[in-house]
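The values are calculated or read from the model by the stated rules, or taken from the named source; none is laboratory data. Just so it is clear, the structure is predicted and the values come from calculations on it, not from any experiment. Cβ placement follows ideal geometry from the backbone for every residue including glycine, while neighbour counts extend to all protein chains displayed. Each accessible area value is taken on the protein alone, full model and side chains, heavy atoms only, with ligands, DNA and RNA left out. Shrake-Rupley method; radii C 1.70, N 1.55, O 1.52, S 1.80 Å.
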Amino acid sequence: MNKPAYPHIPIAFLCASVAILLVGTFSDFGPPPPAGELLRGSVLGVERDGSGQEATAVVRVETTGGPVICGIDRAAFPDQRLPAPQSDLTVDYLPTSCAPAPVSRQLPRAAVLAMGGIGAALMVLWLRLGRRSRR
């Protein structure tokens, strides 16, 4: 006699939901560490490439040795959008280069916890309703 597969599927999903809850509780969701030193900078202007498209942001960075001018390529920015001239930003500065400050691209902790909690609650509800219908 074959056992029905009913309880195995929701139990697997329940275990997955609890695993997501544990990941959301104990994982570090901060941004990656910077390559250099995080400093304040301001965008002086934008340089264009040969086709006339905005390609590089020219940024003035205030370092301990005095102000430094560096260029940050469009590909380094989220959505490849350059910041507007005269805007301030945090720069990951190295003596040989600079880049925008690292940003976490992971889901926020609250979203992961909500997904795990809702999934676990739905699976428990499914198991309880299934148990009641078998009685």
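Taking the accessible area of segment 25-114, probe 1.4 Å, and keeping the other protein chains in place, the carbon and sulfur fraction comes to 53%.
Each part reduced to its alpha carbon centroid, segment 44-87 and segment 89-129 end up 28 Å apart. One entry in (i) 2, 9, 14, 13, 10, 8, 7, 7, 7, 6, 6, 5, 4, 2, 1, 0, 0; (ii) 2, 10, 20, 23, 17, 12, 8, 5, 2, 1, 0; (iii) 2, 8, 10, 11, 11, 11, 10, 9, 8, 6, 4, 4, 3, 2, 1, 1, 0, 0 is P(r) over Cα pairs in 5 Å bins from 0, in percent calculated from the shown coordinates; its label is (i).
The calculated FRET efficiency for the pair L89 and Q53, based on their C-beta separation and a Förster distance of 22 Å, comes to about 0.60. Placing a label point 7 Å from the Cα of V68 along the Cα-to-Cβ line, the residues of segment 96-127 whose backbone N sits under 18 Å from it are 96-102. Seen against the Cα atoms of the chain and their longest principal axis, helix 8-26 is set at about 40 degrees. The angle between the Cα long axis of helix 109-134 and the main principal axis of the chain comes to about 10°, on a 0 to 90 degree scale.
Placing +1 on each Lys and Arg Cβ and -1 on each Asp and Glu Cβ, with no other charges, gives the chain a dipole about its Cα centre of roughly 1540 debye. Ranked by the mean number of other Cβ atoms within 10 Å of their residues, highest first, the peptides 54-64, 68-78 come out as 54-64, 68-78.
Only DSSP H runs of four or more residues enter the estimate; each adds -39500 (n - 2.57), and after division by the residues of the chain the mean residue ellipticity at 222 nm equals -11500 deg cm²/dmol. Of Q86, T25, S104, which is farthest towards the positive pole of the chain's charge dipole, taken about the Cα centre with +1 and -1 on the beta-carbons of Lys, Arg and Asp, Glu respectively? Toward the positive end, the furthest listed residue is T25.
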